[in-house]
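Heads up, the thing below is written out as structure tokens.
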Amino acid sequence: MTQQTVEPSEVATVLPGSQAQALMTELATWRNTTTIVIVAGCVFEFKGVFPAGSIAEGYYNLALGEMGFSGHIKLQAIESIRLMERKHRGTDSFAFVFEDRKGQAIFKVYLGRDDSHAIHPEQLEQFRQIKANGLQPA
């Protein structure tokens, strides 16, 4: 885990990409989150529980054969995971940003919100624990 200056007033916590599988396994135990993928100016969002996965043929395969969000994540493509905390449209926002070797976002997983648009408090507590202490082994 490292600290990295992103903006003059913002210090980001960065986890090594080698922890991506462990983090995604952890995220699959949380309530709903929002996963965002941006490709060629298009924004794809999935709101729901981040799917569990398994390793096969060099990929972390998400929820194969199930309805909803699924896919194949090339773990070797993830260089780092930045823990982002910032305001978005005036609201506090928290996300895990999975980045490639060039520092570009591959995908982001934002903490989930309830019906009143409040962040799930247990997710915020877990996010802050990971930010302070890194990802703890199971």
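Things to note:
- Straight-line cross-link partners of LYS47 among the lysines, defined as a Cα under 16 Å from its Cα and at least 8 positions apart when in the same chain: LYS108.
- Answer label, with log10 I(q)/I(0) by the Debye sum over Cα atoms at q = 0.15, 0.18, 0.19 Å⁻¹ calculated from the coordinates and candidates (i) -0.67, -0.98, -1.10; (ii) -0.81, -0.99, -1.05; (iii) -0.74, -1.11, -1.25: (iii)
- Loop-resident sites, the range 49-93, for trypsin sites (Lys or Arg not before Pro), counting at most 15 other Cβ within 10 Å (DSSP): LYS74, ARG89
- Annotation: per residue accessible area for the chain equals 60 Å², rounded to a whole number [probe 1.4 Å, protein chains only].
- For the chain, a simple Cβ point-charge model (Lys and Arg +1, Asp and Glu -1, everything else neutral) yields a dipole of about 220 debye relative to the Cα centre.
- Only protein atoms count toward the accessible area here, which uses a 1.4 Å probe; on the chain, the carbon and sulfur part of that area reaches 51 percent.
The values are calculated or read from the model by the stated rules, or taken from the named source; none is laboratory data. Please read these numbers as outputs of a predicted model, since none were measured by experiment. Here Cβ is always computed from backbone atoms with ideal geometry, including for glycine, and neighbour counts include all displayed protein chains. With ligands, DNA and RNA removed, areas are computed over all heavy atoms of the protein, side chains included. Shrake-Rupley method; radii C 1.70, N 1.55, O 1.52, S 1.80 Å.
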